[in-house]
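One structure is given here, and the rest of the page talks about it.
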């Protein structure tokens, strides 16, 4: 009896509802599509048959594997799905292909350039961010073990593991997209997977201008600051685009400088040649072997860096980063979570205290004021767009307070008929203290950058 004979012998067409991939990524999805048990059973049978066929072959390349899957898949669908429509056959083969070569049902979402985040809450509940808006997808997984198998497919090649003893993991896809997974018993609804996508081609300064993230004057000022070895911190909330902006800032670093990047999951894609990328490591199954961001920051100081770029400061490594900035490693870049530039300073202060040293608050603030020159704050606005809302200079200490002054600000003016945010970027009219350092490095500061005051309107 054929592997699929129970489907072929049925007098009526089996009720198989195939998820429509194109509809799932439209804005919004055209209609909800139900994935039935019959679909998953037939998909699983074809998948198993192809896997068995692959075991019999000696595959020498990825292209050969793809070709074999295509040929065998088409033959099986034609042979045992005679009563299916052409569109159903096509979509069934697509599902099998995604399972064998991609990441299951979410492959189409990951392949869509307009989808920036994929969120699997449970096997039957998938959301995605499309052009800044979160929508629910009609795609589903078969069950929780199906989700787990995709998670393991992502983390296993990276030497990471996820199981009941280690139910959380951070990882990345080969294209640099950030992955977080958490499974039961911590995730009560079932295994959860969150993928933050990054562009295959890193964004440029011009891209951010085109997106409306900042304007050309702000871009020119920041580029001058980076090339003049000022220490810059990027602050912002979750999903505000800090990592993409950090990548753009890093592109301003002159060719030939030795750059060391330090991240939990390597996401930065620098165009320079002389780059060393370091990635932290979680503990192994015995709870040993962990290498933290702090360990990497301290080790990087022995690697003769011209620039240190830390993907994100989250804890005690803030102290080591400040010390590096204060001991000759100028031009360092990093990011951190905060709601405003002033809040970022408070968070750094708190993170330094996490290092375990009993330092006076004033001493910590003096370290911060001396180390950081510029804070760039980025926000995700209510319409889903990202804006650099503050470019703020750190002037120093006045009493026990760190003094800040805004150089550029973003001012909201309302919304249009489509709900899109309207606003403008403005210089505050204050000439920055850093202007002298920029001019010493050969940059001429146009007076037009700083000639418009906030109260001009």
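For region 206-280, the alpha carbon convex hull comes to 102 Å³ per residue, rounded to a whole number. Centroid-to-centroid, using Cα positions, region 309-354 and region 103-172 are 31 Å apart.
Hey, of (1) 169; (2) 180; (3) 131, which did the structure itself give for volume of the Cα convex hull per residue in Å³ when calculated? Among (1) 169; (2) 180; (3) 131, the one derived from this structure is (2).
In this calculation the C-beta distance from residue 136 to residue 58 is compared with R0 = 41 Å, giving a FRET efficiency of 0.40.
Helix 242-251 and the long axis of the chain differ in direction by around 70°, with both axes built from C-alpha atoms. Computed from Cα positions, the angle between helix 62-80 and the longest principal axis of the chain comes to roughly 40 degrees.
For the chain, find the longest principal axis of its Cα atoms and tell me its angle to the long axis of helix 144-155, 0 to 90°, nearest 10. Approximately 50 degrees, to the nearest 10. Which whole-number percent is the relative contact order of region 327-457 (Cα, under 8 Å, 6+ apart)? Result for region 327-457 is 15 percent.
Modelled this way, with points 7 Å down the Cα-to-C-beta line, the labels at residue 152 and residue 273 are 4.4 nm from one another.
Relative contact order of the chain: 10 percent, from C-alpha pairs under 8 Å at least 6 residues apart in sequence.
Computed from the coordinates by the stated procedures, all read-outs in this text should not be read as laboratory data. Keep in mind that this is a model prediction, so the values were computed, not measured. Cβ coordinates were reconstructed from backbone atoms using ideal geometry, including for glycine residues, and neighbour counts include every protein chain displayed.
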